[in-house]
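First up is the structure itself, then whatever we jot down about it.
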Amino acid sequence: MTTPDVAGFTGLTAPTTPTAPGLTGLGSPVLTGQAMAPAAPQPSGACQGFSPELARRDVPILHRTVNGHPLIWLDNGATTQKPRQVIETLAAFYASANSNIHRGAHTMAREATELYEAGRAAVAEFLGAPSPESIVFVRGTTEAINLVAQSWGRAGLGPGDDILVPVLEHHANIVPWQRVAKETRARVVPVPLLPDGSIDQDAYADLLSMRTRLVVLSHASNVLGTVPPVREMTALAHRYQAKVLVDGAQAVAHFPVDVTDLDADFYTFSGHKIYAPTGIGALYAKPEILRTMAPWQSGGNMIESVSFDRTTYAPVPHRFEAGTGHISGVAGLLSALNWLTAFDREAVAGYETQLTAYAQEALAKVPGLELLGPAAERIGVLTFTLPGHTPTEIADWLDGDGIAVRAGHHCAQPALAHYGLESAARASLALYNTREEVDRLVASLLELRAA
């Protein structure tokens, strides 16, 4: 990724030798945040062009111990761990560049504003969006979906309109639509799944009609790992003049995304699932749609002028960013995107695909273990049950061996109900995970079965 330099901020291109990047220099801070890219020997399981060790050496928390064992972080679906470049960028921002944005005339305000808007430009480039003005900063995917529901949904939905929602969706892509449907007298229509966890495409086609105003889709499921054919489903929805919102929270860290190619009307992701800080995310909307949407929240920063007679709003995207934004979060997100895109994204995706297949085969060796949703197109989300042990017991046992997985309903109760379950254990993979870590997961589960 090539990110534009901003006044006083340099070092946004990949270094030729390992550095300790961050914002440095009180008078002229420097923003970096790149992966260390020199070639390294590729261990067993590496994909041509990428080795997980290239990422692991940048992530400090992966080198700690838990309960006397080296940490194995397999809870990436909940949040990813942060490279030191992101951590150092956050610390250095507050140490040398902290200022509010957009409203100040002094040097640091200008620099912070330029950094913030450079982050917006980087997100646009990362998503293949047509312009930075199509990007709205939010706290994360949940806030973005609520923004669309309240701003576009209240005006765009009415009695008898259908909102198609696949059963595999995260609660954040179900509940906001239930609420706005109740207000507007629209209907939320579930789209069923096939046994392998993929969306029933025949049922989807049958449910589409001229009543369909909106289709919402996860680009990758947080509980089954399913990757639907979003481009094809979007094209079909557009034949009925329906809008499409894509929840990319679980997708963007795992494979390249191009919203222009997808033709999505809305696309959103959370920074903390893509190696960036918590509390920052982005919403993409087609510019012609964004311009028609009324503000959701009101206050400072989103206005052009205010009087007791008349208030006018700032142009998009600023009219959707009321109050003081998560400025350091944007700096961290920019650093995370620089770090991730310094790797060959196609090679990373290839590596993760190989690792996921390896993990599926390895988990099949655990007697009685049932892996949910074996769809052909998937990311490394491995949700499973083990007879005789609750998901919480499984997670507690693995934690004793330093292995972090998640247990519960994963905010996707309808998807689990499809399999007759209320909860399950979930191991979710990222680019820094290895075959050796998968082997340790399987060995621990075998010991649990024998206990």
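A few remarks follow.
- Residue within the range 66-74 that is open to solvent by 60 Å² or more (accessible area, probe 1.4 Å), at negative phi and more than 21 Å from the chain's Cα centre (by Cα) present: yes
- Matching residues in the range 371-428 - criterion: being among the polar types (S, T, N, Q) and part of a helix (DSSP H, G or I): 392, 413
- From the options 264, 220, residue that is among the small types (Gly, Ala, Ser) and more than 28 Å from residue 432 (Cα to Cα): 264
This table checks each residue for (1) free of Cβ contacts under 8 Å to residues at least 12 places away in the same chain; (2) under 22 Å from residue 337 (Cβ atoms); (3) among the polar types (S, T, N, Q); (4) open to solvent by less than 60 Å² (accessible area, probe 1.4 Å).
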position: 64; (1), (2), (3), (4): yes, no, no, no
position: 87; (1), (2), (3), (4): no, yes, no, no
position: 103; (1), (2), (3), (4): no, no, no, no
position: 120; (1), (2), (3), (4): no, yes, no, yes
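Yes or no, residue by residue, for (1) in contact (Cβ under 8 Å) with a residue 40 or more places away in the chain; (2) in a loop (DSSP other than H, G, I, E, B); (3) under 21 Å from residue 430 (Cβ atoms):
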residue	(1), (2), (3)
261	yes, no, no
264	no, yes, no
282	yes, no, yes
288	no, no, no
305	no, no, no
308	no, yes, no
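- Residue check, residue 233 at pLDDT 95 or above, surrounded by fewer than 16 Cβ atoms within 10 Å (Cβ to Cβ) and touching a Phe, Trp or Tyr at 6+ places or on another chain (Cβ under 9 Å): no
- Single match in 323, 300, 332 (criterion: closer than 17 Å to residue 99 by Cβ, among the small types (Gly, Ala, Ser) and buried (at least 24 other Cβ atoms within 10 Å of the Cβ)): 332
- Every pair of residues 6+ apart whose Cβ atoms lie under 7 Å, when the first sits in the range 375-395 and is farther than 16 Å from residue 74 by Cβ and of a type in the set (A, V, I, L, M) while the second is open to solvent by 10 Å² or more (accessible area, probe 1.4 Å) and not in a strand (DSSP E or B): 375/196; 375/198
- Checked against (1) open to solvent by 20 Å² or more (accessible area, probe 1.4 Å); (2) touching a Gly at 6+ places or on another chain (Cβ under 6 Å), residue 305 passes all but condition (2).
- Cβ pairs under 7 Å, 6+ apart, first in the range 145-159 and open to solvent by 30 Å² or more (accessible area, probe 1.4 Å), second modelled with pLDDT under 95 and not in a loop (DSSP other than H, G, I, E, B): none
The values are calculated or read from the model by the stated rules, or taken from the named source; none is laboratory data. Since we're looking at a predicted model, the values are computed, not measured. Here Cβ is always computed from backbone atoms with ideal geometry, including for glycine, and neighbour counts include all displayed protein chains. Calculation scope for accessible area: heavy atoms of the full protein, side chains included, ligands and nucleic acids excluded. Shrake-Rupley method; radii C 1.70, N 1.55, O 1.52, S 1.80 Å.
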